[in-house]
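Have a look at the structure below, then the notes.
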Amino acid sequence: MIRFDDVTKVYQKGAHPALDQVSLEVDRGEFVFLVGPSGSGKSTMLSLILAQERPTSGHVHVLGKDLSTVSARRVPLMRRKIGAVFQDFRLLSDKNVYDNVALALQVIGAPRHQIKTEVPEVLKMVGLDGKERRQMTELSGGERQRVGIARAMVNRPQILLADEPTGNLDGETGLSIMRLLDRINRTGTTVVMATHDQSIVNQMRKRVVELKEGIIVRDQSRGVYGGDQ
Ligand code: ADP
Ligand code: ADP
């Protein structure tokens, strides 16, 4: 589903590599936590999967395709198969819940009948039915992240990437978001989540890939946040 072959990413000539010869394989249906200190390369891995960045050397394969062979014109098509959620939600503050999610289908030219059936369905899935007309300012942090997840999932992507999705939420709210991501994973979506959230990682007991200065220093199934625990 996702494969890094000897991937190095250097943003600026002479800088320490953000990723240094990273190899990793993520199978269909897996749930993977990317952990490690700030600056260790987690977001860079997610950007490479999304083809927002290109490797300096090595190859990234996503859904069976070597991204270096995908032309710039075809990158948007590839990206539709990947959902992304962010710490800062990245929602349109002047649009309501329904429209924030519908927009993800409108921009890819989905027919109106499809939008009208799929938006309510995905809002129900994330627990926001009844809140379609709420404005972003009227929502709690947890609800905003549910909108972000609905927007990411409305295209039915095979892969969901999450960059610190609980980073702006209190512990209990973060855990409820985590349960939602777990449920999404159990219905077949491959999930890769970068996080600093020690208590969540320790509670979930999923695969943990730990980065340090751009190198994978640990890859553990049913792992915990820190090593040797
Ligand atoms: P993490 O997500 O683990 O905090 P990042 O992948 O954001 O780590 O960063 C890894 C390294 O790459 C850091 O040294 C960071 O400063 C650098 N970096 C990340 N993005 C850029 C960028 N767009 N331009 C230059 N350097 C970057
Ligand atoms: P159009 O006029 O482009 O056909 P729609 O009739 O689909 O637009 O929707 C008009 C507005 O009504 C949307 O922008 C949305 O805010 C709201 N809306 C549409 N369907 C729903 C729904 N099921 N629940 C809540 N609001 C909706």
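Between A72 and E172, how many nm apart are label points set 7 Å from Cα along the C-beta direction?
Going from the A72 label point to the E172 one covers 5.0 nm.
If one takes the longest principal axis of the Cα atoms in the chain, at what angle in degrees, from 0 to 90 and to the nearest 10, does the Cα axis of helix 97-106 lie?
Compared with the principal axis, the helix lies near 70 degrees.
Restricting to the chain, compute how many DSSP beta bridges are antiparallel as a %, nearest 5. Display every interim value, and only then the final one.
On the way: 18 of 36 bridges.
In the chain, DSSP labels about 50 percent of beta bridges as antiparallel.
So, in Å, what gap is there between the alpha-carbon centers of the range 54-84 and the range 151-229?
Taking the Cα centre of the range 151-229 as reference, the centre of the range 54-84 is 22 Å away.
Which order do R112, R144, R205 fall in if you start with the one that has the fewest other Cβ atoms within 10 Å?
Working: R112 10, R144 21, R205 13.
The fewest-first ordering by Cβ neighbours comes to R112, R205, R144.
Tell me the mean residue ellipticity at 222 nm calculated for the chain from its helices only (DSSP H runs of n ≥ 4, each -39500 (n - 2.57), averaged over every residue, nearest 500). Let's see the in-between values first.
Numbers: 7 runs with 73 residues, N = 229.
My calculation for the chain gives -9500 deg cm²/dmol from helical runs alone.
Given R₀ = 30 Å, FRET efficiency for S221-K124 by Cβ-Cβ distance, to 0.05? Don't skip to the end; give the middle numbers.
Working: r = 32 Å, r/R0 = 1.08.
Between S221 and K124 the formula returns 0.40.
Counting other Cβ atoms within 10 Å, keep those with at most 15, restrict to DSSP loop, and tell me which trypsin sites (Lys or Arg not before Pro) in the range 1-33 are left. Numbers along the way, then the final one.
Working: sites: R3, K9, K13, R28; in loops: K13, R28.
Filter output for the range 1-33: K13, R28.
In the Gaussian network model of the chain, springs joining C-alpha atoms below 10 Å, which of V101, V201, V70 carries the largest mean-square fluctuation?
Looking only at V101, V201, V70, the biggest GNM fluctuation is shown by V70.
Calculate, in nm to one decimal, what R134 and D27 gain on full extension: separation in residues at 0.36 nm each, minus their alpha carbon distance.
On the way: separation 107, 0.36 × 107 = 38.52 nm, distance 3.75 nm.
So the chain would gain 34.8 nm between R134 and D27.
Comparing R74, R186, R146, which has the greatest mean-square fluctuation in the GNM of the chain with Cα pairs linked when under 10 Å apart?
In the Gaussian network model the winner is R74.
If neighbour count is taken as other Cβ atoms inside 10 Å, put T166, T8 in order from fewest to most. Could the numbers behind the result be given before it?
Values: T166 25, T8 15.
Placing the least packed residue first, the sequence is T8, T166.
Since every read-out is calculated from the coordinates, none of them should be taken as a lab result. Every value quoted in this text rests on a predicted model; they were computed, and no experiment measured them. With ideal geometry, Cβ positions are generated from the backbone for all residues, glycine too; neighbour counts draw on all protein chains shown.
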